[in-house]
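Each remark here refers to the structure printed beneath this line.
The values are calculated or read from the model by the stated rules, or taken from the named source; none is laboratory data. Worth saying up front: this structure is predicted, and the values here are computed from it rather than measured. Glycine gets a Cβ as well: all are built from the backbone with ideal geometry, and neighbour counts include every protein chain shown. Areas reflect the complete protein model, heavy atoms only, side chains present, ligands, DNA and RNA absent. Shrake-Rupley method; radii C 1.70, N 1.55, O 1.52, S 1.80 Å.
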Amino acid sequence: MELLFIENLPFRIGKGAVYGWLLDEGRLRKEEIGRIRINHATATVEIDQDDLSTLVRRLDGLTIESRRIHVWRQAKRGEQPHFDNLLRWLDLEADAEKEQLQNRIEDAHNLSSLVIREESIGLGGRIVLRLGLRNEQARLPWTRLNVGSPVIMTGENGAWRGVVARRSSLAIDVAFSQSPEVDGTVRLDLAQDEISRRRMAQAIGRVAAAKGNRLAQLRDILLGLESPQFTRDGAHSAIKGISSLNRVQQEAVALALSADDVALIHGPPGTGKTSTLVELIIAAVARGERVLACAPSNLAVDNLVERLAATTLNIVRVGDPIRVLPAVQDRTLDALVEQHADYRVAKKLRREAQALQRDADRWKRARPAKGEKAAKRAEAGDMFAEARELEQSAVERVLNAAQVTLATLTGIDSTTFGQRQYDLCVIDEAGQSTEAATWIPIVRSKKVVLAGDHQQLPPTILSQQARDEGFGRSLLEQLMDRDGERIARQLIVQYRMHDEIMAFSSGEFYSGTLESADSVKSHLLADLPNVQPTPLTTSPLTFIDTAGASYDEEQTESFSRRNPQEAELVLQQVSQLLEAGVLASQIALITPYSAQVDLLRERLAGGENGSTDARLRENDQLEVEVGSVDGMQGREQEAVVISLVRSNYEGEIGFLSEVRRMNVAFTRARRKLIVVGDSATVTADPFFARFVAYCEAIGAYQSVWEL
């Protein structure tokens, strides 16, 4: 017997209904169905078959009582060694995340003694609870639980998974897929991302078990067991008239269109990768193809949505609106469904059903007639069922009309997508995704285009063992190393940086192949309106060396690093830029260490140890951006100041040695890059030794003693 899992079942569904559904839709014989267990909205069924992959493919994404369900089986170990490794690495990641959360329990990753203030219902019956302290005027303690954080709410009656939807100083809203049964006070804790990990494991199991279908072919090609094929006819004619792209970008689009199986678009910093992908998607839709566009992060997906929203394409952004940028929320599935007439009727039915439920549960002086309460509850149940059917109908119509559907990799699930398949899957920022996550959309696709840069941020891996064994190598990186010459095009013209900012990165990571567009090759801060010419604004790059100044780093309680004196120097540079007329909104401060991020933000905000610089003190509304390297991936700013932080006698630089992360940091600036660091410490690493030598060679080196 193998176990089959059926999720997102209707409320209070019986075993008999599940049994009948398996006979009808699964085309199973009675003797093949064993014991059925139902726990809340999930059924576990024993099936007497050796291979459930065909059955899963047949059932996953169908409906039961107008509710879209998800069907899966546990991945078998030993089906393929490659996928066994991926599953083992996922287990190591789960252990590492659990350990990290346990270590952070006292680090403001929870809220306790909360009570329910308010309950509301959203699309598809999503329950939103507003939680606060008993004293309604009492402010919530500071916490790291932010909008979009996965949480577990624990009460006397059990625990429920949800997502933080909104927070203020007095309350926090949490969204749940089903209504929690809560009595008394509850506690919120940051949760492990089990849903994402489970979707990866399910996709891996499906890919590993695929036989004799398109998924099996695509798997073997992506793993290098078969050769990718190309059909050149019509590809170049499809891109005629795309005047917004340069020659190499057009070649990349043509390659992707001509691919039968897989193509790669390698986009170094500032080379217009997103513009290229948008034109690829437009051309694919023009050929009658349905496109699934994805990325590892919500921000990367929303960047694509913003660009595609400016076209005439019918696009739908699938994902929790809580985690979507406000600028694109009108393109979300939820927002589009809410405009549908069926949804408006469903919403009215839900309100009426809730009123009936409350009336049935209300105590009255006069004893109700026999069966009256049960009848009201039954009527409410029928109304809820009708509302779900109308909502599902609206969802189906919106998704069916979409020419391009967009979602994060782990946001793709059959409870929303059903059994939909796509002609083309475009995965942006593919270098930042683990291979495990990349398989999720591939399961639904006839061909795939991976876009990104394996020389920038790699996937985030918590388990050192998993990282050492290869979990940090994205599918994009593997394909570039193995088949890059055949299936990839590298974009070479960059439209962001001054030539001298670009040159070091180009030589280190791209064999000197990058070229600066004429429009940016020599642009400087002094060319901006109202910016005065100064030594900082008339040069593109400055490295300020703090060696010998005793700017010693500090380790914080969170084991991060900070450097207070270097922070002051960084803020002095910001002050000089502001005095020259550079706008605060045109400046970004970047540092690899979270403790230094916190310190810089505190001093910009004028905390008790706030900056001593008068220019910074006199305006508490400064819009200078402060963040981590990872937070700036895919973004840019006119002026960027980087604080390297590390300064010690041992020459230890920690994860500054992750040179791909430094490649991101060094390539965010358009007109001015200022790097502050201790050369005596950082040049222990050959990468930084070459960077300092480069700065000296172009006259961009400056000692702190010369300021």
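Couple of notes before you dig in:
- Identity of the residue in the stretch 517-570, of a type in the set (Asp, Glu) and farther than 21 Å from residue 581 by Cβ, that ends up modelled with the lowest pLDDT: 557
- Meets criteria (closer than 30 Å to residue 668 by Cβ and of a type in the set (Gly, Ala, Ser)) for residue 431: yes
- Failed criterion for residue 205 (all others in (1) more than 25 Å from the chain's Cα centre (by Cα); (2) at pLDDT below 95 hold): (1)
- Considering the stretch 460-508, and only residues there that are in contact with a Lys or Arg (Cβ under 8 Å, 6 or more places away or on another chain) and under 21 Å from residue 303 (Cα atoms), the residue that is surrounded by the fewest Cβ atoms within 10 Å (Cβ to Cβ) turns out to be 496.
- Any hit, the stretch 488-495, residues being closer than 29 Å to residue 277 by Cα, of a type outside the set (Phe, Trp, Tyr) and without any contact (Cβ under 8 Å) to a residue 60 or more places away in the chain: no
- If you go through the stretch 410-434 and keep only what is without any contact (Cβ under 8 Å) to a residue 60 or more places away in the chain and among the hydroxyl-bearing types (Ser, Thr, Tyr), you end up with nothing.
- Counting only helices (runs of 4 or more DSSP H) that fall entirely inside the stretch 244-316 and contain at least 3 residues that are touching a Lys or Arg at 6+ places or on another chain (Cβ under 7 Å), the qualifying elements are 247-258, 298-309.
- Test: residue 219 is closer than 21 Å to residue 95 by Cα, open to solvent by less than 70 Å² (accessible area, probe 1.4 Å) and at pLDDT 90 or above: no
- Scope the stretch 375-419; condition open to solvent by 40 Å² or more (accessible area, probe 1.4 Å) and outside any helix (DSSP H, G or I); matching residues: 403, 419
- Within the option set 536, 571, being part of a helix (DSSP H, G or I), touching a residue at least 24 places away in the same chain (Cβ under 8 Å) and under 22 Å from residue 706 (Cα atoms) holds for one residue only, 571.
- Pairs are defined by a Cβ separation below 6 Å, a sequence spacing of at least 6 or placement on different chains, a first member in the stretch 2-28 that is under 12 Å from residue 47 (Cβ atoms), and a second member that is open to solvent by less than 60 Å² (accessible area, probe 1.4 Å) and part of a helix (DSSP H, G or I); the pairs so defined are 26/55; 26/59; 28/22.
- Among the residues of this structure, residue 436 counts as one that is under 19 Å from the mean Cα position of the chain (by Cα) and part of a helix (DSSP H, G or I).
- Scanning the stretch 330-348 for residues that are more than 26 Å from residue 146 (Cβ to Cβ) and not aliphatic (A, V, I, L, M), we see that the one that is least open to solvent (accessible area, probe 1.4 Å) is 343.
- Meets criteria (in contact with a strand residue (DSSP E or B) (Cβ under 6 Å, 6 or more places away or on another chain) and either at pLDDT 95 or above or open to solvent by 20 Å² or more (accessible area, probe 1.4 Å) (or both)) for residue 429: yes
- Residue satisfying condition, being under 26 Å from the mean Cα position of the chain (by Cα) and assigned to a strand (DSSP E or B), within set 450, 462: 450
- Among the candidates 295, 259, residue that is closer than 30 Å to residue 486 by Cβ, in contact with a Phe, Trp or Tyr (Cβ under 8 Å, 6 or more places away or on another chain) and open to solvent by less than 30 Å² (accessible area, probe 1.4 Å): 259
- The stretch 599-611, subset in contact with a Lys or Arg (Cβ under 9 Å, 6 or more places away or on another chain) and open to solvent by 50 Å² or more (accessible area, probe 1.4 Å), residue modelled with the highest pLDDT: 606
- Looking only at the stretch 184-201, and only at residues there that are within 19 Å of the chain's Cα centre (by Cα) and not hydrophobic (A, V, I, L, M, F, W, C), the one that is least open to solvent (accessible area, probe 1.4 Å): 196
- Restricting the stretch 443-459 to residues that are more than 22 Å from residue 193 (Cα to Cα) and in contact with a Phe, Trp or Tyr (Cβ under 8 Å, 6 or more places away or on another chain), the residue that is most open to solvent (accessible area, probe 1.4 Å): 446
- Qualifying residue in the stretch 587-598 (condition: open to solvent by 10 Å² or more (accessible area, probe 1.4 Å) and at pLDDT 95 or above): no
- Considering the stretch 298-329, and only residues there that are without any contact (Cβ under 8 Å) to a residue 60 or more places away in the chain and of a type in the set (Gly, Ala, Ser), the residue that is least open to solvent (accessible area, probe 1.4 Å) turns out to be 309.
- Within the stretch 177-197, being charged (D, E, K, R) and assigned to a loop (DSSP other than H, G, I, E, B) holds for 181, 183, 193.
- At least 3 residues being open to solvent by 40 Å² or more (accessible area, probe 1.4 Å) and out of contact with any strand residue (DSSP E or B) (no Cβ under 8 Å at 6 or more places or on another chain) is the threshold, and among the helices (runs of 4 or more DSSP H) wholly inside the stretch 636-707 those reaching it are 686-697.
- Condition met for residue 477 (of a type in the set (Asp, Glu) and either in contact (Cβ under 8 Å) with a residue 60 or more places away in the chain or in a loop (DSSP other than H, G, I, E, B) (or both)): no
- All of (1) over 33 Å from the mean Cα position of the chain (by Cα); (2) basic (Lys, Arg); (3) closer than 30 Å to residue 277 by Cβ hold for residue 397 with one exception: (1).
- Selection count where residues are surrounded by 15 or more Cβ atoms within 10 Å (Cβ to Cβ) and either in a loop (DSSP other than H, G, I, E, B) or in contact with a His (Cβ under 9 Å, 6 or more places away or on another chain) (or both), scope the stretch 129-176: 7
- Within the stretch 509-523, the set of residues being open to solvent by less than 30 Å² (accessible area, probe 1.4 Å) and assigned to a loop (DSSP other than H, G, I, E, B) comprises 510, 514, 517, 520, 523.
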